[in-house]
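What follows is a set of notes on a single structure, which appears directly below.
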Amino acid sequence: MNAINMRDEPLVYELSRAGRVGCSLPKADVPSFELPADLARADLDLPELDELTVVRHFTRLSQKNYSIDTEFYPLGSCTMKYNPKINEAAAANPGWKYLHPLAEEAQAQGALKLMFKLQRSLCEIGGFEAASLQPAAGAHGELSGVLMIRAALVDKGERDRRKMLIPDSAHGTNPASCTMAGFSTQTIPSGPDGNIDMAALRAALDDSVAGIMITNPNTLGLFERNIVEICDLVHRAGGYVYGDGANMNALTGVFKPGSSGIDVMHFNLHKTFSTPHGGGGPGAGMVAAGAALAPYLPGPIASEDAGKYRLAMPAKSIGRVKSFYGNFGVLVRAYTYLLMTGADGLRRVAENAVLNANYLKAKLSDVYPVPHARRCMHEFVARGNIAEGVHTLDIAKRLIDYGFHPPTVYFPLIVQEALMIEPTETESKETLDLFIEAMRSIAAEAGSQPELLHEAPHRAPVARLDEVMAARCPILCYRG
Amino acid sequence: MPFIPTTDAERNEMLGAIGAASLEELFGDIPQRLRVKKLDLPEGLSELEAGEALDSLADLNQTAKKMDWFLGAGAYYSYIPAVVPALASRGEFLTAYTPYQPEVSQGTLQAIFEYQSMAAKLLGMSVVNASHYDGATALAEAVLMAWKAREGRNKVLLPADLHPEYADVIATYCTSFEIEFARYEGDPARAPIDERTAAIIIAYPGFSGEVWPIGPAAAIAHERGALCVVHTDPVMCAILASPGSQGADIVTAEGQSLGNPLNFGGPYLGMMGTTDALVRKMPGRIVGETKDKEGRRGFVLTLSTREQHIRREKAVSNICSNQGLSMLQTCIHLATLGAAGLREVAKQSYDKAHYAASRIADLSGYRVKSARFFREFLVQTPKPAVDIVRALGAKGIMPGLALSRYFSDRPNELLVCVTEMNTKDQIDRLVAALKEASR
């Protein structure tokens, strides 16, 4: 059973008492200088709290969260695997924390070496030539990748290729990234087997095509069996292939996306390489490319010259996508994880992630129908409308009462009432069995006591919240 | 490996339940010829070995903590109270996902709401979003937001005195759009705002540290139908008038110096705020207050119809993962410092920077070029600034940024930053060393 904090917690402003202080600073040791009279600020409305109040407040808030450290989090496409504590210990070293991004290269050899080694390792894992660690998240990597495709097309005098193909199972970031790069998008439907409909793809491949964005395995958790042919067709039509690496956890040490013809791909270090999600970030969406697009990578990137490490801009770089070199602290964590997993470990990661997903599917598909009856990879998609009047949202919210975070719901859009379940390799069989038991109990309740589901969650700090009111009359900051 | 709990016996049992003979069989959809035999990577290390390897790498770096440090230029060595990392690193915050399931994410959601509230007061805006990747990407997204909000107008005015990396990021983000950029020098009130101008961007302060008032330029922009976008230093806003109070329509900032360590450039915090009128055009996640069916207060992600997971290609931006934990650090930092603490940090930085500038201005051969500044100022040097950086480095002093790192035609300029971390003794040592280096 969950141990979530059910008590109401006031806002920091409501805890504030005039005159309290939460920090101490050294006494001024230089003379005071006048502020410019026309710009001096008279007042600042921030709360006034003592240190213990701050500690209790944020500790109590933390206890209102589900997290990987406290609950199983089978969130599809998010790869909520355990985040090793050694990652945090390694990243807290003062040698990283107090290193300024504009320190001289000679002062930053440790950081540059780490970046170089990480670039090389990820290229080996993905089957690519070169990589840039600059993108701060998956969507940022996507934007970088499609801008690289655009730059390469412009160089070839094919500026008019403006159409990007996107399977209907894709994440929303794919089409949104295309818009930001000035591309239009055309949706390619999936066939009955859950893979890209090849006839529809062929029909879409005209001389306005810039490329295709593919997630493999796709968001149904299914490997694109025609991946080589897809890449080949797109290349022959004059386009490039973007790989969305969100689901790379199924493939590490088993399959290199670059070997199938993918030209450029981002990796989500906060998924596959175990760095924490932090309640929404920071992530790291490093982007890697094969020979055709490597010169266009964003930069600078790390390079090596006779044992000395330096920063360099790729020859035809699209430029910077962020200040400095990426979410470096995240890179330290990912590199620590890579050192510990090593070649064999990475393969075992993929094997066990796929094993766990197939095990859950085998134990649940009789009560939660799975529309694509194939072996899944690291995740699978089932349906939650299992009884009259019961919806996926009801299943999701009822799971909270059993002490599990809900799966991803209503995505991908091509499966109605979708429940997208990704267990990851770090969960034990006991946890999976408890989850199976909970899901089967809920399925039984759906038939016998559906109101239990409709009213869920019953054991959370708040019941279902009025999201319509939140959007219609927005209260977006404290109005005390 | 300690991160995979499944035993061989369990694995066989699970394969039996699946109806597969081997793990290999689970990968049957992958063409055989493309299966990896073995990755060309080293074998995995123990935790002890990996920790040692990482520490040895970190030891190769020379850090701000070990020198007298006067280099800023977009990343600031600042005081972070011990409670900030202690609380933000709690597993319940650290290992939670984006709060899409509000009933089990009230901790993260309330913290975002508190951050939005405190940041909005600091910047003088009515709403602040839940973060961008950093200050540069926040500003680039603000440029796109302003351009789209003023349909039919194609001109965007950028200050010449803008961090060069920010200018690069704006160029990258806007590369696919027909936006006409023009750079203006000096006082933004004298920038050529006309009826084709979608927005004027003001750096408050500029890359050189120079501070220009926003109000007059904002008034002209509004009169001519353009938007006023301000990129600011949020610490400075504790003691100088906020951009919002001077008429800004969109404000962005780099929030790193509010509770996030240097970390070789990231993770940092992109801050963005705007007015009620423009909130539905703003990118990024936003948290709002609402109630559950029993009337209890709760918080949810809201105004999501702007976002990619709902609107796909019609979304205002592609941003999804942001800098949640960096935002949390800043939230705790602001709550801990409070108004008095943050104003003290800002005033000490201001005083120390002005003390340093007044001492350097007295040195023969040096000239302080910034007229009005907060904690960073530009110095004309008697010999190439890179030589000064090298000479002082040998004495354990990092005197600032040699501008030639970005501008080859500006060899004799040094950008000096003084924060609350610098003591009077350090400043005096800097001044003495600069004097010696000029000989």
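The values are calculated or read from the model by the stated rules, or taken from the named source; none is laboratory data. Because the structure is predicted, anything quoted here is derived from the model rather than measured. Please note: Cβ atoms are built from the backbone with ideal geometry, for glycine as well, and neighbour counts cover all protein chains shown.
I'm told B:ILE170 meets every condition in (1) over 15 Å from the mean Cα position of the chain (by Cα); (2) of a type outside the set (D, E, K, R); (3) farther than 30 Å from A:PRO407 by Cα; (4) not in a strand (DSSP E or B) except one. Can you identify the failing condition by its number?
(1)
Is it the case that some residue within the stretch A:331-341 is closer than 26 Å to A:ILE149 by Cα, of a type in the set (Gly, Ala, Ser) and either surrounded by fewer than 24 Cβ atoms within 10 Å (Cβ to Cβ) or out of contact with any Asp or Glu (no Cβ under 7 Å at 6 or more places or on another chain) (or both)?
no
Give me the pairs: first residue in the stretch A:114-131 and outside any loop (DSSP other than H, G, I, E, B), second residue modelled with pLDDT of 95 or more and among the hydroxyl-bearing types (Ser, Thr, Tyr), beta-carbon distance under 7 Å, and six or more apart or on different chains, which are they?
A:LEU114/A:TYR335; A:MET115/A:TYR325; A:PHE116/A:SER303; A:PHE116/A:TYR309; A:LYS117/A:TYR335; A:LEU118/A:TYR335; A:ILE125/A:THR252
May I ask you to list the residues in the stretch A:1-25 that are out of contact with any helix residue (DSSP H, G or I) (no Cβ under 8 Å at 6 or more places or on another chain) and closer than 29 Å to B:VAL211 by Cβ?
A:SER24
Quick one: which strands (runs of 3 or more DSSP E) lie wholly within the stretch A:177-266 and hold at least 2 residues that are surrounded by fewer than 20 Cβ atoms within 10 Å (Cβ to Cβ)?
Fully inside the stretch A:177-266 and qualifying: A:184-188.
It is to be established whether one or more residues within the stretch B:182-201 are crowded, with 19+ Cβ neighbours inside 10 Å, touching a Cys at 6+ places or on another chain (Cβ under 8 Å) and not basic (Lys, Arg).
yes
Scan the stretch B:407-419 and tell me whether some residue there is within 20 Å of B:ALA75 (Cβ to Cβ), of a type in the set (Asp, Glu) and either in contact with a His (Cβ under 9 Å, 6 or more places away or on another chain) or not assigned by TED's automatic domain parsing to the domain that holds B:MET236 (or both).
yes
Just to be sure before I move on: is A:SER77 in a loop (DSSP other than H, G, I, E, B), small (Gly, Ala, Ser), under 25 Å from the mean Cα position of the chain (by Cα) and within 7 Å of another protein chain (Cβ to nearest Cβ) in the structure I sent?
So A:SER77 does not fit the description; no.
Return the residue satisfying two criteria in turn: it lies in the stretch A:1-11 and is within 30 Å of the chain's Cα centre (by Cα) and over 8 Å from A:PRO461 (Cβ atoms), and of such residues it is farthest from the other protein chains (Cβ to nearest Cβ).
Across the stretch A:1-11, the extreme among qualifying residues is A:MET1.
Let me confirm something: among B:LEU342, B:LEU415, B:LEU363, which residue is outside any helix (DSSP H, G or I) and either in contact with an Asp or Glu (Cβ under 7 Å, 6 or more places away or on another chain) or closer than 30 Å to A:GLY22 by Cα (or both)?
Just one listed residue meets the conditions, B:LEU415.
Examine the stretch B:257-275 for a residue that is at pLDDT 95 or above, within 30 Å of A:PRO10 (Cβ to Cβ), surrounded by fewer than 23 Cβ atoms within 10 Å (Cβ to Cβ) and more than 9 Å from every other protein chain (Cβ to nearest Cβ), and state whether such a residue exists.
Yes, some residue in the stretch B:257-275 is at pLDDT 95 or above, within 30 Å of A:PRO10 (Cβ to Cβ), surrounded by fewer than 23 Cβ atoms within 10 Å (Cβ to Cβ) and more than 9 Å from every other protein chain (Cβ to nearest Cβ).
How many of the residues making up the stretch A:113-134 are under 30 Å from B:ALA391 (Cα atoms) and buried (at least 24 other Cβ atoms within 10 Å of the Cβ)?
Number of matching residues: 2.
From (1) free of Cβ contacts under 8 Å to residues at least 24 places away in the same chain; (2) within 11 Å of chain B (Cβ to nearest Cβ), pick out the condition that doesn't hold for A:GLY191.
Single failed check for A:GLY191: (2).
Answer yes or no as to whether B:TYR76 is surrounded by 22 or more Cβ atoms within 10 Å (Cβ to Cβ) and either outside the structural domain of B:ARG375 (by TED's automatic domain parsing) or part of a loop (DSSP other than H, G, I, E, B) (or both).
yes
State yes or no: is A:ASP45 within 8 Å of chain B (Cβ to nearest Cβ), surrounded by fewer than 22 Cβ atoms within 10 Å (Cβ to Cβ) and farther than 30 Å from B:LEU48 by Cβ?
yes
Please work out which residue is surrounded by the most Cβ atoms within 10 Å (Cβ to Cβ), limiting yourself to the stretch A:137-162 and to residues that are charged (D, E, K, R) and within 13 Å of A:TYR242 (Cβ to Cβ).
A:GLU142
Which pairs have Cβ atoms under 7 Å, sit 6 or more apart or on different chains, and link a residue in the stretch A:456-480 that is within 7 Å of chain B (Cβ to nearest Cβ) to one that is of a type in the set (Asp, Glu) and in a loop (DSSP other than H, G, I, E, B)?
What qualifies is A:ALA463/B:GLU294.
Answer yes or no: is there a residue in the stretch A:410-433 that is under 25 Å from the mean Cα position of the chain (by Cα), surrounded by 23 or more Cβ atoms within 10 Å (Cβ to Cβ), more than 30 Å from B:ALA120 (Cα to Cα) and of a type in the set (Phe, Trp, Tyr).
Checked against the condition, which is being under 25 Å from the mean Cα position of the chain (by Cα), surrounded by 23 or more Cβ atoms within 10 Å (Cβ to Cβ), more than 30 Å from B:ALA120 (Cα to Cα) and of a type in the set (Phe, Trp, Tyr), the stretch A:410-433 yields no hits at all.
List the pairs whose first member sits in the stretch A:335-347 and is more than 7 Å from every other protein chain (Cβ to nearest Cβ), whose second member is β-branched (Val, Ile, Thr), and whose Cβ atoms are under 9 Å apart, counting only residues at least 6 apart or on separate chains?
Short answer, once both residue conditions are applied: A:TYR337/A:ILE86; A:TYR337/A:THR275; A:LEU338/A:ILE125; A:ARG347/A:THR252; A:ARG347/A:VAL254; A:ARG347/B:VAL36.
Would you confirm whether any residue within the stretch B:42-63 is touching a strand residue (DSSP E or B) at 6+ places or on another chain (Cβ under 7 Å), facing another protein chain (nearest Cβ under 7 Å) and surrounded by 14 or more Cβ atoms within 10 Å (Cβ to Cβ)?
No, because not a single residue in the stretch B:42-63 is touching a strand residue (DSSP E or B) at 6+ places or on another chain (Cβ under 7 Å), facing another protein chain (nearest Cβ under 7 Å) and surrounded by 14 or more Cβ atoms within 10 Å (Cβ to Cβ).
Just one of A:GLU451, A:GLU427, A:GLU422, A:GLU445 is of a type in the set (D, E, K, R) and touching a Gly at 6+ places or on another chain (Cβ under 9 Å); which is it?
A:GLU422
Does the stretch B:389-404 contain any residue that is assigned to a helix (DSSP H, G or I), among the aliphatic types (A, V, I, L, M), without any contact (Cβ under 8 Å) to a residue 60 or more places away in the chain and in contact with a helix residue (DSSP H, G or I) (Cβ under 6 Å, 6 or more places away or on another chain)?
Within the stretch B:389-404, one or more residues are assigned to a helix (DSSP H, G or I), among the aliphatic types (A, V, I, L, M), without any contact (Cβ under 8 Å) to a residue 60 or more places away in the chain and in contact with a helix residue (DSSP H, G or I) (Cβ under 6 Å, 6 or more places away or on another chain).
Look at the stretch B:204-232 and say how many of its residues are touching an Asp or Glu at 6+ places or on another chain (Cβ under 7 Å), surrounded by 24 or more Cβ atoms within 10 Å (Cβ to Cβ) and either of a type in the set (Asp, Glu) or free of Cβ contacts under 8 Å to residues at least 60 places away in the same chain (or both).
Residues in the stretch B:204-232 being touching an Asp or Glu at 6+ places or on another chain (Cβ under 7 Å), surrounded by 24 or more Cβ atoms within 10 Å (Cβ to Cβ) and either of a type in the set (Asp, Glu) or free of Cβ contacts under 8 Å to residues at least 60 places away in the same chain (or both): 1 in total.
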